[in-house]
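Bear in mind that the values in this text are calculations on the coordinates, not laboratory data. For clarity, every value in this text was computed on a predicted model and none was experimentally measured. FYI the Cβ positions are ideal-geometry reconstructions off the backbone, even for glycines, and counts take in every protein chain you see.
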Amino acid sequence: MKKKYAPVALIVYNRPDTLKKTLKSLEKNKSIENAEIYIFSDGPKKKEDNKKVKKVRYIINNVKKLNIRKKFFFKKNRGLRNNILGGINYVLKKRSKIIVIEDDLLLSSYFYLYMNNALDFIEKKKNIWHVSAWNYPITFDKSARNLTFLWSHMHCW
């Protein structure tokens, strides 16, 4: 059976410099060619934001190495919460799982594979509702290096 990879929702606003770094790190991910990417670009909040939002959209329109399925360029500012929830809801109407990232993250080259494996791991588990690729720096002994653990705290990173 062919593996079903999760789509990626990329939430962006007015940070062209960090977006470039996020996209570059995403491009280096193993199996990223299997990702359908949906980009949700919020509209400017203030007049001063127009220039940066336009730069962000220029960068998005010139991405060559990623499978961008659909781009949403909102004219008005929806706010971070509404942009994230709107993006998640849009993708989840089409697919059963999602990986959400924002425009200020630097991703490991194994991030996309890790997240897909984690989503497969939790698929039928009723007591797990969230996977995070970040955690507080906790020291484990070397034998626990590849440890997967459950925690009752949610981390949006």
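How much net charge surrounds Leu119 when only the other residues with a Cβ under 12 Å from the Cβ of Leu119 are counted, with Lys and Arg +1 and Asp and Glu -1?
Values: positive: Lys3, Lys4, Arg95, Lys97, Lys124, Lys125; negative: Asp120, Glu123.
Every neighbour counted, the sum reads +4.
Radius of gyration and Dmax for segment 29-128's Cα atoms, expressed in Å?
When restricted to Cα atoms, segment 29-128 yields Rg and Dmax of 15.2, 47 Å.
Using all alpha carbons of segment 17-63, what is the percent of pairwise distances in each 10 Å bin, ordered from the shortest bin to the longest?
P(r) over segment 17-63, rounded to whole percents: 22, 50, 22, 6.
Using the Cα centre as the reference, give the magnitude of the dipole from point charges on the C-beta atoms of segment 1-53 (Lys, Arg: +1; Asp, Glu: -1; all else neutral), rounded to the nearest 20 debye.
140
Calculate, for Ser31 and Trp129, the FRET efficiency according to 1/(1 + (r/R0)^6) with r their C-beta to C-beta distance and R0 35 Å; round to the nearest 0.05.
Working: r = 24 Å, r/R0 = 0.69.
About 0.90, to the nearest 0.05.
Roughly what would the spin-label model give for Lys76 and Lys51, points 7 Å off Cα along C-beta, in nm?
For Lys76 paired with Lys51, the spin-label model returns 2.6 nm.
Based on the Cα gyration tensor of segment 1-80, what are the three equivalent ellipsoid semi-axes, each the root of five times an eigenvalue, rounded to whole Å and given largest first? Write down the numbers at each step before the final one.
Working: eigenvalues 131, 35, 16 Å².
Working from the Cα gyration tensor, I get semi-axes of 26, 13, 9 Å.
Can you figure out the FRET efficiency of Tyr58 with Asp104, using R₀ = 25 Å and their beta-carbon distance, to the nearest 0.05? List each step's numbers first, then the result.
On the way: r = 18 Å, r/R0 = 0.72.
E(calc), rounded to 0.05, equals 0.90.
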